[in-house]
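Chemist: Quick one: the structure is below, and I'll ask about it shortly.
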Amino acid sequence: MNTTFVVKMLRKKTHHFLTISILIMVISLTMLNFMVSYISNQYQMINKDFMNNNNVKVIHVTGRADGEATAQISLQDTSDINTLLNEKGLSDKAKAYPVYTLPTVYRDSMATAYSLIGISQELASLVSDGCTLKDGHICVGDRKNEKITLSVPIIEEKDGGFSSTESTDLDMIAEKGATNENAVFIHSIPKNNQAYVNEKEAGKLTKIMYQKSQNSPEYIKESQLSNLVVYVKDIKDVDTVGKLLKDENYFTSYTFNSFENFSINISTNQMILIILCVFLVVTSIVTAVLLMINFLRIQKKEIAILKLIGYKGKMIVTIYTRLLYILFRNIFLYTIIIYLLNHFLKLIPVSLSFLGIIILLDFMILLVTLAFVYFFGIQKICRMDTIELLKKGKEFE
């Protein structure tokens, strides 16, 4: 028995319902592709701008209200905030870190000045991806990874002010990546070379700078404290931590400060996009399955004829499986071609970067549809008796 010939004949003798079904499936998948491209783009933007953006996870603490007075931030506040986070069960979700502003250091015989910031090594990723802030390293913005010699000023206290007439050289490894504005240092100072070191190196530099100072190391360290940074690991906890700090009368500054439950809303919007995408995929599969099963029901007469001329049930299953495979392959190609045409002709804005997702999604939908139709349509209908296949047709009458 020539099954290939039968498949060709069935394709030529296409029922109008199948033509309409194919058209509906192409339109359905095309619309799904456009929606998935748009949803994926929105999801990616939310991740980039919010979920994976360290800037929105950082809360800057600059002071504290003490009755009617205003108190400057102190190192003790670092411990107090971390203790508070621990008491509220948030110690594994957020942590407070001090940020130190050190006197300016120089490079290349005083030709280049660096405004020096000391932070915890744990905050290196907030500066840039290229900074590690290891011991002996300094993160700068104008040099590649190389050894540099810094001219560290030795500060003297005279007449209530500070001056420096001598310096000492210190070799460090430069890491490129520092910027004037980032999650740690949000103040914009044009044409300022910002540089970062870890707390250990900041202490080492401070000891060199203030070796002639009469003040205690604790006082000097306290005076260098610029502000505190509270880093929140997950965006959905930012509002909670921010509210907790406000309730304790801390002066805070962070991205969501002026919005109510903004971080929770972002997470909700992200979840809605995922649910919408899943709903569209399930709807497309259900629609395709129903259309193809209805087509097979219309084909009962043709299946009965094949049985009457000697085709066995397994051969008929193979014929219709191959027929649907060819139809689904063509539908797949049509939808991908339409997607590409829209991209190049810019009829409907779609992103080529999501083409891989679109191809995988369409293939999965058609494969799942074919599997459902095979088990609940082709096998069921092709196993029916010839009389049962004809009982609703004119041939039986």
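Chemist: So, in the stretch 8-45, exactly how many residues are at pLDDT below 75 and either surrounded by 19 or more Cβ atoms within 10 Å (Cβ to Cβ) or not assigned by TED's automatic domain parsing to the domain that holds ILE309 (or both)?
Modeler: Looking only at that region, the number is 1.
Chemist: Shifting gears a bit: Please find, within the stretch 98-154, the residue that is farthest from the chain's Cα centre (by Cα) out of those that are aliphatic (A, V, I, L, M) and within 13 Å of LYS176 (Cα to Cα).
Modeler: Checking each candidate, the answer is ILE148.
Chemist: Every residue in the stretch 276-293 that is β-branched (Val, Ile, Thr) and surrounded by fewer than 13 Cβ atoms within 10 Å (Cβ to Cβ), please.
Modeler: VAL278, VAL282, THR283, VAL286
Chemist: A further question follows. Scan the stretch 377-393 and give yes if some residue there is of a type outside the set (Val, Ile, Thr), in contact with a Phe, Trp or Tyr (Cβ under 9 Å, 6 or more places away or on another chain) and modelled with pLDDT of 85 or more, otherwise no.
Modeler: Yes.
Chemist: Of the residues LEU18, LEU32, LEU84, LEU23, only one is in contact with a Phe, Trp or Tyr (Cβ under 6 Å, 6 or more places away or on another chain) and farther than 30 Å from SER167 by Cα; which?
Modeler: Going through LEU18, LEU32, LEU84, LEU23 in turn, the sole match is LEU18.
Conditions tested, residue by residue: (1) in a helix (DSSP H, G or I); (2) surrounded by fewer than 16 Cβ atoms within 10 Å (Cβ to Cβ); (3) within 28 Å of the chain's Cα centre (by Cα); (4) not charged (D, E, K, R).
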residue: ILE305; (1), (2), (3), (4): yes, yes, no, yes
residue: LEU324; (1), (2), (3), (4): yes, no, no, yes
residue: LEU327; (1), (2), (3), (4): yes, no, no, yes
residue: ASN330; (1), (2), (3), (4): yes, yes, no, yes
residue: TYR334; (1), (2), (3), (4): yes, no, no, yes
residue: ILE359; (1), (2), (3), (4): yes, yes, yes, yes
residue: MET384; (1), (2), (3), (4): no, no, no, yes
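Chemist: Any residue at all in the stretch 339-348 that is of a type in the set (Lys, Arg), in the same structural domain as PHE375 (by TED's automatic domain parsing), in contact (Cβ under 8 Å) with a residue 40 or more places away in the chain and over 18 Å from ILE22 (Cα atoms)?
Modeler: no
Chemist: Would you confirm whether any residue within the stretch 363-382 is polar (S, T, N, Q), outside any helix (DSSP H, G or I) and either touching a helix residue (DSSP H, G or I) at 6+ places or on another chain (Cβ under 6 Å) or under 24 Å from TYR38 (Cα atoms) (or both)?
Modeler: no
Chemist: Would you be able to say whether some residue in the stretch 93-108 is among the hydrophobic types (A, V, I, L, M, F, W, C), over 22 Å from GLN211 (Cα atoms) and either part of a strand (DSSP E or B) or free of Cβ contacts under 8 Å to residues at least 40 places away in the same chain (or both)?
Modeler: yes
Chemist: Where residues in the stretch 117-156 are touching a Gly at 6+ places or on another chain (Cβ under 9 Å) and in a loop (DSSP other than H, G, I, E, B), which of them is surrounded by the fewest Cβ atoms within 10 Å (Cβ to Cβ)?
Modeler: ASP129
Each row is one residue, and each column tells you yes or no for (1) surrounded by fewer than 18 Cβ atoms within 10 Å (Cβ to Cβ); (2) on the phi > 0 side of the Ramachandran plot; (3) assigned to a loop (DSSP other than H, G, I, E, B).
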position	(1), (2), (3)
LEU205	no, no, no
ILE208	yes, no, no
GLN214	yes, no, yes
LYS221	no, no, no
LEU228	no, no, no
TYR231	no, no, no
VAL238	no, no, no
VAL241	no, no, no
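Chemist: May I pose another question? Considering only the stretch 318-335, I want to know if a residue exists there that is assigned by TED's automatic domain parsing to the domain that holds ILE22, on the phi > 0 side of the Ramachandran plot and not hydrophobic (A, V, I, L, M, F, W, C).
Modeler: No: the stretch 318-335 contains no residue that is assigned by TED's automatic domain parsing to the domain that holds ILE22, on the phi > 0 side of the Ramachandran plot and not hydrophobic (A, V, I, L, M, F, W, C).
Chemist: Under 24 Å from LEU170 (Cα atoms) and among the β-branched types (Val, Ile, Thr), is that true of THR149?
Modeler: yes
Chemist: Can you work out which of the residues in the stretch 251-272 that are aliphatic (A, V, I, L, M) and buried (at least 16 other Cβ atoms within 10 Å of the Cβ) is modelled with the highest pLDDT?
Modeler: By that ranking, first place goes to ILE266.
Chemist: Does LYS158 fit the bill of being out of contact with any helix residue (DSSP H, G or I) (no Cβ under 6 Å at 6 or more places or on another chain), at pLDDT below 90, of a type in the set (Lys, Arg) and closer than 24 Å to LYS221 by Cβ?
Modeler: yes
The values are calculated or read from the model by the stated rules, or taken from the named source; none is laboratory data. These figures come from a predicted structure and were not determined experimentally. Every residue, glycine among them, receives a Cβ derived from its backbone with ideal geometry; neighbour counts consider all protein chains shown.
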